[in-house]
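No lab work stands behind these numbers, since they all come straight from the coordinates. All figures in this text were calculated on a predicted structure; none of them were measured in a lab. With ideal geometry, Cβ positions are generated from the backbone for all residues, glycine too; neighbour counts draw on all protein chains shown.
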Amino acid sequence: MTGNSFEQKNKQALQRGQRVALAATLATLLLALLKALAGWHYRAPVLVADAFHSGADLLAIFASYFGLWLAGKKKSARFPYGLYKAETLITLLVGGLIVWAGIELLIEGWAKLQGVSESVSFPLVPLLVSGLSVVISLGIAVKERQVGRAINSPSLLANAGESFLDVATSAVVLGGLLLSYWRLPYVEGAVILLIALLVIKLGGASCWTAFLLLLDANLDPQLSCTLEQQVNAIYGVKGESEVRIRQAGPFHMVECVIYTRPTLSLYRAHELADRAEQAIAAHCPHVESVFVHVEPLREELRSVIVPVAEINGLQSRVHGHFGRAPYFLLLRLNEHEVEIEDFYFNEFLDEPKFIGLKVIKAIIAYRIDLLFTSSIGEISFYMLRDNFVDIYAAEEEQTVQEVIDRFRAGSLQAITKPTHSIDQSLVEKPTEHR
């Protein structure tokens, strides 16, 4: 996926979040005004307090909209990484406002524990307003959570949590109006205190999460581990790759260091980086950018394959043709040691053509790095090169140990093109194997 694709996809996600936040802002504004007017006109202080709480929600939701609007601004020379972190900064502000609203509710609940309120007439209109508030707040909360999860917006998710608590608060206010009418406000005060503590906890959690994100903390180590596994599984990647994730607003910015063999050309290294980027984009939700850095792996353990004429350990003799060899010796080789991993019997010797291709398909699971051979056909050559295998020329009848010694001494020549054509491969007869 290209940078433009990332940018277009993220722009659409931000616009979706902006629309939801703006609609929630307008709905909350109407609710706050309705509660304040009904509470004042019908002498229902608990409804006025709920209107104050909705006013705090209004500021928080509008702040979320403003943060998403800033995050949607185009990148510039001054802000080359965009303004995505504005949304995280707003989340910190939203959390602070939620804590403030919780403290105000705490004070109100404590006050209601101090005595019995005056008797009032049956609060029909305030009850209807509170019931309407429960329904609208629930609709806002569900939509905010749905879109917040879809676009990975911390501020929308924080507001969704507050909106769900607002549903509970409105329900408490609904009951509190009845309790006030029945002159039982102590229960109302206790429940408001409980709701206030939950609001403070939610706001504090939002503040802490936003604070960690602004410090580029990794809040999803499992995702990092998953991405590393995906990258390390790519053929041509050697060693253990490193993946780092930092979140900017609703999006992930991924940095990855992959290791490969030092002999890899710049073109092939770029191809390997593209494969890593595609693997990360496929498994990382809400990705904004992927930066892949390719490093040569030093002191690597290489997997080597050698076509041989017999099974005799490191004294096995090199066969004269890759595809027609009766056996293949699989080695693990580093600068100082060599270990025989396995012998592979060539089960395709009686096939009339394309033996090398079939052999490669059978042994490719060994993640081969090097091939030592005296000759190789066109199809086999290009297929191995496409799978990041370096091919070196070994003389027929040399022992495997002699070939390894020459390779370590730097006297083994690389094969840069096929030693014979496809037509020559097709007319060759199978070699008798021992």
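Convex hull over the alpha-carbon atoms of region 273-379: what's its volume per residue in Å³?
About 144 Å³ per residue, rounded to a whole number.
Could you tell me which helices of the chain pass both thresholds, a Cα extent of 15 Å or more along their own axis and a mean Kyte-Doolittle hydropathy of at least -0.5, with helices taken as whole DSSP H runs?
Once both thresholds are applied, what remains is 3-41, 45-71, 85-112, 124-151, 154-181, 185-214, 266-283.
The chain: longest stretch without exposed chymotrypsin sites (Phe, Trp or Tyr not before Pro) (DSSP loop, at most 14 other Cβ within 10 Å), sites themselves excluded?
236-434
If you take every DSSP beta bridge fully contained in the chain, what fraction is antiparallel? Give it as a percent rounded to 5.
Looking only at bridges with both residues in the chain, the antiparallel portion is about 60 percent.
What percent of all Cα-Cα pairs in the chain falls in each 10 Å bin, counting up from 0?
Here the calculated profile for the chain is 4, 18, 18, 13, 11, 10, 9, 7, 6, 3, 0.
Over the C-alpha atoms of region 32-110, what are the Rg and the largest Cα-to-Cα span, Dmax, in Å?
So, for region 32-110, Rg and Dmax equal 17.1, 57 Å respectively.
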